[in-house]
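Structure record follows, encoded as structure tokens.
The values are calculated or read from the model by the stated rules, or taken from the named source; none is laboratory data. This one's a predicted model, so the numbers in the text were calculated from it and none came from an experiment. Backbone-built Cβ (ideal geometry, glycine too); neighbour counts: all protein chains shown.
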Amino acid sequence: MSEVLVLVDHVDGDVRKSTFELLTAAKALGEPTALFIGDAAQGEAAAAKLGEYGAEKVLVASDPAYDEFLVGPKAELLAELISTRQPAGVLVPASAEGKEIAGLAAIKTGSGILTDATGVAEGFVATQSVFAGGYTVESKVTRGTPIIAIKPNSVAAEPAAGAAAVESVSFAPSDAAKAARITATEEKPASGRPQLTEAATVVSGGRGTGGDFAPVEALADALGAAVGASRAAVDADWYPHSAQVGQTGKTVSPQLYVACGISGAIQHRAGMQTSKNIVAINKDEEAPIFELADFGVVGDLFTVLPQATDAINARK
Amino acid sequence: MRIVTFVKYVPDAAGDRTFESDNTVDRSVDGLLSELDEYAVEEALKIADGDKKGTEVIALTVGPDDAVDAVRKSLQMGANKGVHICDDSLEASCAVGTAKTLAAAVKVVEEEEGPVDLIITGLSSTDGAMSVVPVMVAELLGRPAATQASHLEVAGGVAKIRRDGDTASQYVEVPLPALVSVTDQINEPRYPSFKGIMAAKRKPLDEYDIEELGLDAGEVGAAGATTEVVTLTERPPRTAGEVITDEGEGGNQLVEWLASKKLV
Ligand SMILES: Cc1cc2nc3c(=O)[nH]c(=O)nc-3n(C[C@H](O)[C@H](O)[C@H](O)COP(=O)(O)OP(=O)(O)OC[C@H]3O[C@@H](n4cnc5c(N)ncnc54)[C@H](O)[C@@H]3O)c2cc1C
Ligand SMILES: Nc1ncnc2c1ncn2[C@@H]1O[C@H](COP(=O)(O)O)[C@@H](O)[C@H]1O
């Protein structure tokens, strides 16, 4: 069977859920090989977990350049592996970094790239949702190696036994790839909540919160959800930009999206309309978010959310 | 300094965005300068405003006849010069084709005007929304890219940016000439003033076809596309969900619904 390369997304060796989803997608297309870029020991430790989702091989590539520079060295490595291993295709997470690595590798290898896929079928046919969900498009790559960036939460990760044979890759990044130097990093305090793009549930607050996100956060915690925000809430400095959902923020496709005090502007919808279930709480029954909602409550979020939070906690 | 900003003309998201029978984006509908590229123009103008030695800002677009509107708006905002790459054979370009065209256009600008120190682009186009064209162009030109800048400072032949990620902010430096893509957090784009609108009418605006860029028709457009649309389906209108009005039990009813869907 032909090899399908999967770029592993991890934080200090902790593999993100989206990677298991990619492995599941890869398994349906061929034999998954995971590419772990980072610390060698962390890569070896992660291999077992990658094997649980079907990785037959785990390539571990380590070099200080991967941390010291933006995507250049990683993209060069991926391009090199595409040229030497000739995989049937490459799957990467549709994160900002994943897409940049994929784009560069496409140029370097004369390949085509499809981004923000919500699924991949036989022959590397990718499904995409475009124009704020107005259309569903199926596309394929016609030149070089198909490189496809898949959105988190699009494929249900399924455990499958893989040999996870670790192979270390030695590859020295070129000077040209080492141009965008990271000179400093400031860690942000952790919220303790799930990561926004990966969370199974997202509860978002908008201008309707008036700046008080406490009821939104309480509901999120009762549901084990990540907290999102509309741009209006972010622009007002009520919530950090990293929580923004929409065209200029994160794209999320959770099992459940709860929009609280959000009107549902097209730019917001662009970031959440592929969610499996959408719930809206809004005072204004005319709010466009209700056109998307599977369940809507016309009401004041300051009474509806606490009641829902209590009811959920009471069920536990 | 000389800065080129990439400005894309996109269908208006507030209007009806559709496709043609050949599966390409219908560009006959009302369009405008992609809002996210306004931040790129503004950032270039801010650098020019602060540069006593004079910085030239050139707005560059690749697109059909109407795409010149994106350049015009940039000129109205304050860019000095416009460049429009327009050619029938560019239709249905994929990201790779667009990147090749933009890279070739930058080279022509350099031949005509002189070296380009900095390319500033938006974070992503509001129609394609791939966020890959900037790094692709940088790669084709052999220049470093510092992407997703929420802050930019240019001094001493170096561009320094800050990029705000989920778990950390990073500070990144690239030597010029370089490409920087900017987010909507970086500035507040100016509105064209009446004076700006009048002045824009007299600003130079060059148009090139692909032959003048030294590109072959087989490399770009539909002929050079690296991807192909297989099927295209308009999503059936979402079946209206259940909407209730809170009369004291709204929160509880919501949880009952969640439970019926096994979401709690
Ligand atoms: C280039 C560009 C990019 C953009 N990108 C994004 C993006 O990525 N993400 C994004 O979200 N937006 C984006 N926007 C902005 C978008 O157009 C909207 O302005 C924004 O989404 C509105 O946020 P909102 O729904 O919170 O506020 P509003 O539209 O003001 O809606 C607030 C809602 O809260 C309701 N409300 C008020 N009080 C209560 C209460 N007590 N209880 C219940 N409901 C209440 C109101 O009825 C109203 O419907 C972008 C815009 C542009 C031009
Ligand atoms: N046809 C185009 N003309 C000019 N600039 C473009 C074009 N396509 C993309 N760009 C630039 O590349 C950025 C990212 O586009 P994309 O990769 O399509 O999301 C945009 O914000 C623009 O600055």
Return only the number of the condition from (1) at negative phi; (2) part of a loop (DSSP other than H, G, I, E, B) that residue A:132 does not satisfy.
(1)
Return the only residue of B:229, B:243 being assigned to a strand (DSSP E or B), within 30 Å of residue A:285 (Cβ to Cβ) and at the interface with chain A (Cβ under 7 Å from one of its Cβ atoms).
B:243
Within region A:79-102, work out how many residues are without any contact (Cβ under 8 Å) to a residue 24 or more places away in the chain and within 24 Å of residue B:164 (Cα to Cα).
1
Scope region A:237-285; condition within 23 Å of residue B:239 (Cα to Cα) and within 16 Å of ligand 2 (Cβ to nearest atom); matching residues:
A:246, A:251, A:267, A:270, A:271
Check every one of the strands (runs of 3 or more DSSP E) wholly within region B:119-184 and list those with 2 or more residues that are within 16 Å of ligand 2 (Cβ to nearest atom) and in contact (Cβ under 8 Å) with a residue 60 or more places away in the chain.
B:178-182
Looking at residue A:257 and the list (1) of a type in the set (Ser, Thr, Tyr); (2) more than 9 Å from chain B (Cβ to nearest Cβ); (3) assigned to a loop (DSSP other than H, G, I, E, B), which single condition is not satisfied?
(3)
In region B:2-36, the residues that are away from ligand 1 (no atom under 15 Å from the Cβ) and not in a loop (DSSP other than H, G, I, E, B):
B:2, B:3, B:4, B:5, B:6, B:19, B:25
Regarding region B:73-88, can at least one residue be identified that is under 25 Å from residue B:229 (Cβ atoms), in a helix (DSSP H, G or I) and within 12 Å of ligand 2 (Cβ to nearest atom)?
no
Take the residues in region B:37-60 that are surrounded by fewer than 24 Cβ atoms within 10 Å (Cβ to Cβ) and among the aliphatic types (A, V, I, L, M), then tell me which one is nearest to ligand 1 (Cβ to nearest atom).
B:45
Test for residue A:230: is it within 14 Å of ligand 1 (Cβ to nearest atom), touching a helix residue (DSSP H, G or I) at 6+ places or on another chain (Cβ under 6 Å), away from chain B (no Cβ under 13 Å) and within 30 Å of residue B:95 (Cβ to Cβ)
yes
I'd like the full set of residues that are touching a residue at least 12 places away in the same chain (Cβ under 8 Å), under 30 Å from residue B:146 (Cβ atoms) and part of a helix (DSSP H, G or I), limited to region A:178-237.
A:231, A:232, A:233, A:234
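Each row is one residue, and each column tells you yes or no for (1) modelled with pLDDT of 95 or more; (2) under 28 Å from residue A:96 (Cβ atoms).
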| position | (1), (2) |
| --- | --- |
| A:208 | yes, no |
| A:213 | yes, yes |
| A:247 | no, yes |
| A:283 | yes, no |
| A:286 | yes, no |
| A:292 | no, yes |
| A:312 | yes, no |
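Any idea which of B:50, B:54 is of a type in the set (Gly, Ala, Ser), more than 13 Å from residue B:187 (Cβ to Cβ) and more than 16 Å from ligand 2 (Cβ to nearest atom)?
Going through B:50, B:54 in turn, the sole match is B:54.
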Residue by residue through region A:147-176, note down the ones that are modelled with pLDDT of 95 or more and at the interface with another protein chain (Cβ under 9 Å from one of its Cβ atoms).
A:149
Determine if region B:100-113 includes at least one residue that is hydroxyl-bearing (Ser, Thr, Tyr), away from ligand 1 (no atom under 16 Å from the Cβ) and within 14 Å of chain A (Cβ to nearest Cβ).
yes
Determine if region A:135-148 includes at least one residue that is touching a residue at least 24 places away in the same chain (Cβ under 8 Å), within 21 Å of residue A:54 (Cα to Cα) and among the aliphatic types (A, V, I, L, M).
yes
